[in-house]
Amino acid sequence: MSDLPATFGFLRSLLVYRRPGRQRGLRRLYAPFVPSGGCVFDVGAHVGDRSRAFAALGARVIAVEPQPRFADWLERTLSRHGVVVERCALDAEPGRAELQVSRTHPTVSTLNREWPLGLAERNASFSGVAWDRQEAIEVTTLDCLIERHGRPDFCKIDVEGFEDRVLAGLGEALPALSVEFVQGALDVALRCVQRLTALGEYEFNAVAGEQRRFQWPEWIEASDVLRWLDEGAGGIASGDLYARLRDGAD
């Protein structure tokens, strides 16, 4: 018997993330970080909209996605573009873990058991979201991925409140990264910044929601972005925090 809520959630994701015109904006956003012939890790690849943009920029793409329906979709649609799909999630240590799945909103499925608790009360965009299934999945680390595929020029991490744990499995500075931040759980982003500054000399910028432009005309210091997050990230419901190594810091 088909799982109608999960099918609905899959189709919702396709509608949101594969709408016309989206690819042009993604390629413009990522072009400064993705050299032709370089390597990109797409951690939390979901329907592969960003993996597709990375591949179009000439990168070798490693798409990390633990949800079987979405991993199947990635292999069917992106393997011809050279995208390699890793059917797992990332954590601080390799092993197995339990994914908290939202069948109707699969993009917010998470390994963070605490993250969904009361999140809708702190962030209205999560009202009506239910995490109604648990799935045991394989997990590995960023360091293990680097051993298999090489050091990425850019690493996008969007894993719904587990970004800090993913970075805990990284033992070296990467040239550039992005991590999601979510209102009501900004402590995760704060820990991400702290981890990155322990690894290297980074500067930061941010993108609100699904926009394609940076918040600030100039990249800012770690201390400034920590203050911005601590003060509520300007009230932005969610977005992505970008970090790049300062010139000469690699």
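Taken together, the values in this text are just the output of simple stated rules run on the coordinates, not laboratory data. Since the model is a prediction, treat every value here as computed from it, not as a measurement. For neighbour counting, all protein chains shown are included, and Cβ atoms are generated from backbone atoms with ideal geometry for every residue, glycine included.
What to note about this one:
- A simple packing score, the average count of other Cβ atoms within 10 Å per residue, orders the peptides 23-31, 63-71, 174-182 as 174-182, 63-71, 23-31, with the highest score first.
- Residue-count net charge about D224 - beta-carbon cut-off 13 Å; Lys, Arg +1, Asp, Glu -1: -4
- Among R227, R87, R96, residue whose mean-square fluctuation peaks in a GNM of the chain (springs only between Cα atoms under 10 Å): R227
- Other-chain or far-sequence residues with amide H under 5 Å of V139's (modelled H): A89, G95, R96, A97
- Net charge contributed by nearby residues that have their C-beta within less than 9 Å of G239 (K/R +1, D/E -1): -3
- For segment 30-163: rounded, prolate or oblate by the Cα gyration tensor [a/c cutoff 1.5]: prolate
- In the chain, the DSSP-assigned H stretches of four residues or longer account for a calculated mean residue ellipticity at 222 nm of -9500 deg cm²/dmol, using -39500 (n - 2.57) per stretch and the full residue count as denominator.
- Read-out Cα extents along the principal axes in Å, derived from the coordinates shown; its label in (i) 57, 43, 38; (ii) 60, 40, 34; (iii) 52, 39, 35: (i)
- Within-9-Å neighbourhood charge of V101 [Cβ basis; K, R +1; D, E -1]: 0
- Cα-centred dipole magnitude for the chain, charges only on beta-carbon of K, R (+1) and D, E (-1), debye, nearest 20: 1200 debye
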